[in-house]
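Read the structure below first, then the notes.
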Amino acid sequence: MLRKIFFIIGSAVIAIAGIIFVYLKISSSVAGSIVEKAPAKSESPYRRSTSLDHDWFEGFFKAAGKKAQISEPVVSAVVPHHLAAAVPLAGFFESIKGQKPPVVVLLGPNHLQVGHDRIVTSEYEWKTPYGTISPNRAVIQTLVDSGLAVVSEDVIAPEWSIGAVVPFIRRVWPKSEIVPLIVKDRTPTSTLANLASALVQILPPGSTVLVSVDFSHYLPYFVADFHDVLSENILATGDMSRLSKAEIDSVPSLYFLSAYNHLRGAETWHEVSHTNSATLAGHPEWGETTSHLIGYYTVGNSAPEKNITMQFFGDIMLDRNVAQAMGSSGLDYLLEKIRGQENRFFVGADLFMANLEGPFAPSRIQTSKTIAFRFDPKWAKQLKQYHFDAVTLANNHSLDMGRQNDAFTRITLEKNNIRYCGQEFSEGPELNMVLGEDVGLPEPVAFVCFETIDHEIDKEKVAAAILEGRQKARYVIVQVHGGTEYRRTSTEAQQELYHWLIDQGATAVIGHHPHVVEEIEIYKDKPIVYSLGNFIFDQYFSKETQEGLSVGVVLGEGKVKELRLFPMFGIKSQVELMTGERRADFMKWMSENSRLDGKVIIDGVVKF
C-alpha cells in the first residue's frame, strides 16, 4: 500500500530546561531522496539503511536518555518505522539492549506492493551508521527452501519498514544477525501462520521478532487517537478477528505477530508509548498525521477485556439539494473533505451507525406530506462502502414514501448488509437490533430505537425493549429521534425522558432530530447526547444547521469508558471536520452548556 513518507529531523538544543528536541517535517520529495538505492552489481552485496547519518541517530538516543532495562525476556515487539517517532523508538531500544538476541526477525509491510512474491527477504548485509548487520543465512535459506519466502533484493532494497529500523538494531545489538521480511497486503492468513510456525521451530533460543508497523495515517491527531483505541485493544487481547477493522498500515504483519506469539505462549502485551507525528512535532494543526505504538510481548496470557468502539452520526438526508449537489458521485462527493486518503476516517472503529432520515424508493410517489424525502436506492451500496454497518429508521421521515417503500428500504439495506432498528410511529422489543459476531463485534450490543415526533410513545413498550436488550447484551444503546427543531439546548421533556431511559437500564442515550447540536449530560455516570445535529443535509440557512457532531463511544467493563467528540460542518452538504480555533470554540461551547457531573471535556474526550 502506497504510503506518504515523512522523516522528521530532530535537533537537540541545550537550554535551562534541558534538551528540547525539535521536529521538522520534510516534504515527500526530499524524503524520497533520503532512501538509499540498492548497490550496483559490481559493488559489494549490501543494503543500506534509510540514512547513514551517525550524528542524526545519535541525536535520537541522546534525546531519549537513559532507560531502565526490561529484564523479562522480550519474545516480540511492535515498533514504528516512521521516524517522527525516532526518539521514543530509541528509548525503547535502549531499554531492551540487555536482551542480546542472537537473531532478530524484522518483518514489515511491502509498502509499494511490488514484485510477484507475497513474502520477500534479503541475503545481503545491511549497512547502517553503526556498521553492518549480517543476515542469518541459515534461517533465511530454510524459509526459502520451504517456499515461505523468496529472495528479491530489488524489491526489498527501498523498503523503509526495514531500512528505518536496522540502525537501531545494530546500535544496541551489534552481534545480532537479522532476518528481514516484507509482506504484501493480501498475503493469506494460512501463509502467515505457516511462517510463524516455521520461525518458532528454527530460530535459535533467545531470538526476538520485531514487527515494524505504523498505525493511523492521513488524519488529524484527535481522529487517529480514537482509531488507535481499537488497535491497542487488539494488541492487548490478541483478537485478530477485528484486525480488518483497525486502521493500520499492515494487517498481515500483525496477524503474523499474533500467530507467532500464540505459538510461543507470549501474549502479554506491555505498551511502552503511544505517539502521533503532529503532537511530537508540536503541530497539532496538521491535517494528515501518523500515529505510532511501541510495545512488547512476554510469556503470559492476553488481556481478557475486549473494548468496543463505535461511532455515531446524525441525520443523513439524500434528497432535494443534496441529491442535486452530489450528482452521479453520490457520497464520494459529500464525504470528499472528511474521508481522508483511502477513506480512512471511516475505518478504525468496530461499528459505524447513523440516522437514515428518509426511505429508499425506486420512484417518488404522491403524498400529502409537505416535506417528503425519497432516496435513490443505488446510494445504499455506497453507505456500505463507507463502512456504515447500521442505521436507525426511527424518525419522522421513514414512511415518507409509504409503508411499501419502508419495506423496500429494509430489503435494500439487507441486500447491502446494513442492519437497522426502529420504525416510525412504533416502539417495542420486536424493533430492537442486537449486533454481535455478525458485524464483527467481540460481544453483543443491543440497540433500542424510537421516535417521539409523530406520536406519543408507549413507555411500557420502551421499557420492555430495554429490558429485552439487557437480557441479550451487557450494553444497550438507545437512540431517540426527538426534541425541538433548531433549539440548541434540550427541553425539560427530553431531559425527563432520557433520564428515565437511563433508569430503565440504557448504557447510553444518543439523540437526533433538532437539526442542530445540543448539549451532553452525564446522568448516573452514563452519557446522554441530546442531539447530534445534521450529518448530511441541505439546511443552508444558518450556521447551526450546517454543523453536526459525530460521537465515538468506547465500551468496556460493562459501561461507557470514553466519549469522543468530533464536531463537523458542511458547505453545500459537503462535510468537513472542525479543526483549530473553530473546533476549540465548539468544545468551549459544549463544556459551558453541558452537565457533566464533575467530568470535563479534555481535547474532545470525556473519560468515565
Seminar exercise, completed: If R0 = 45 Å, then K599 and Q141, at their Cβ-Cβ distance, give a FRET efficiency to the nearest 0.05 of 0.15
Problem set entry | Accessible-area ranking of L83, L497, L467, largest first, probe 1.4 Å | L467, L497, L83
Exercise. At a probe size of 1.4 Å, how large is the accessible area of K472, to the nearest 10 Å²?
Worked result: 110
For this session: For S250, S71, write out the residues from largest to smallest accessible area, computed with a 1.4 angstrom probe and no ligands counted.
Result: S71, S250
Exercise. How far is helix 402-415 tilted, in degrees, relative to the longest principal axis of the Cα atoms in the chain, given as a value from 0 to 90 rounded to the nearest 10?
Worked result: 10
Problem set entry | 4 °C / 1.567 mPa s Stokes-Einstein diffusion coefficient of the chain, Kirkwood radius on C-alpha pairs, µm²/s | 50
Problem set entry | Under Karplus coefficients 6.51, -1.76 and 1.60, residue-wise ³J(HN,Hα) of the range 330-346 in Hz, glycine/proline x | x, 5, 4, 6, 4, 9, 4, 8, 10, 5, x, 4, 6, 6, 5, 4, 9
Problem set entry | On Cα atoms only, tilt of 459-472 relative to the major axis of the chain in degrees | 20
Problem set entry | Cα-centre dipole for the range 256-352 with unit charges at Cβ (Lys and Arg positive, Asp and Glu negative), debye to 20 | 140
Problem set entry | Top positive-direction residue, dipole computed over the range 287-446 with Cβ charges, set Q324, T392, G348 | Q324
Seminar exercise, completed: Filtered hits (lysines, Cα-Cα < 19 Å from K378, offset >= 8 within chain) -> K415
For this session: Please report the relative contact order for the range 289-437, taking Cα pairs under 8 Å with a sequence separation of at least 6, and give it as a percent rounded to a whole number.
Result: 22
Problem set entry | Separation of the Q471 and D376 label points, Cα + 7 Å toward Cβ, nm | 4.5
Exercise. Taking a probe of 1.4 angstrom, what is the accessible area of I294 in Å², to the nearest 10?
Worked result: 0
Exercise. On average, how much area does the Cα convex hull of the range 403-469 cover when viewed from any direction, in nm²?
Worked result: 5.0
Exercise. Taking all protein chains as present, what is the carbon and sulfur share of the accessible area of the range 255-324, in % to the nearest whole number, probe 1.4 Å?
Worked result: 49
Exercise. Going through the range 352-449, which trypsin sites (Lys or Arg not before Pro) have at most 14 other Cβ atoms within 10 Å and a DSSP loop state?
Worked result: R364, K369, K378
Problem set entry | Separation between Cα centres of the range 355-430 and the range 308-334, rounded to whole Å | 14
Seminar exercise, completed: The farthest towards the positive end of the charge dipole of the chain, of the residues F541, I119, G402, given +1 on Cβ of Lys and Arg and -1 on Cβ of Asp and Glu, is I119
Exercise. How large is ³J(HN,Hα), in whole Hz, for each residue of the range 484-499 in order, when computed from phi with the Karplus curve 6.51 cos²θ - 1.76 cosθ + 1.60 and θ = phi - 60°, using x for Gly and Pro?
Worked result: 10, 4, 6, 9, 7, 10, 5, 8, 4, 5, 4, 4, 4, 5, 5, 4
Seminar exercise, completed: Gyration tensor on Cα atoms of the range 340-478, a ≥ b ≥ c root eigenvalues, a/c under 1.5 rounded, else prolate if a/b beats b/c, else oblate, says oblate
Exercise. Can you give the accessible area of T290 in Å² (nearest 10), computed on protein heavy atoms with a 1.4 Å probe?
Worked result: 10
Exercise. Looking at this model, which pairs from K97/K306; K62/K127; K337/K561; K66/K306 are more than 26 angstrom apart at the alpha-carbon?
Worked result: K97/K306; K337/K561; K66/K306
For this session: Evaluate the relative contact order of the chain (contact order divided by residue number), counting alpha-carbon pairs under 8 angstrom at least 6 apart; express in whole percent.
Result: 10
Exercise. Can you tell me the accessible area per residue over the range 134-251, all protein chains present, probe 1.4 angstrom, in square angstrom?
Worked result: 29
Problem set entry | On Cα atoms only, tilt of 86-95 relative to the major axis of the chain in degrees | 60
Exercise. If you roll a 1.4 Å probe over the range 68-148 with all protein chains in place, what percent of the accessible area is carbon or sulfur?
Worked result: 51
For this session: For T507, T275, write out the residues from largest to smallest accessible area, computed with a 1.4 angstrom probe and no ligands counted.
Result: T275, T507
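The values are calculated or read from the model by the stated rules, or taken from the named source; none is laboratory data. Every value quoted in this text rests on a predicted model; they were computed, and no experiment measured them. Because the Cβ atoms are built from the backbone with ideal geometry, glycine has one as well, and the counts that use them run over all protein chains shown. Only protein heavy atoms, including side chains, enter the accessible area calculation; ligands, DNA and RNA are left aside. Shrake-Rupley method; radii C 1.70, N 1.55, O 1.52, S 1.80 Å.
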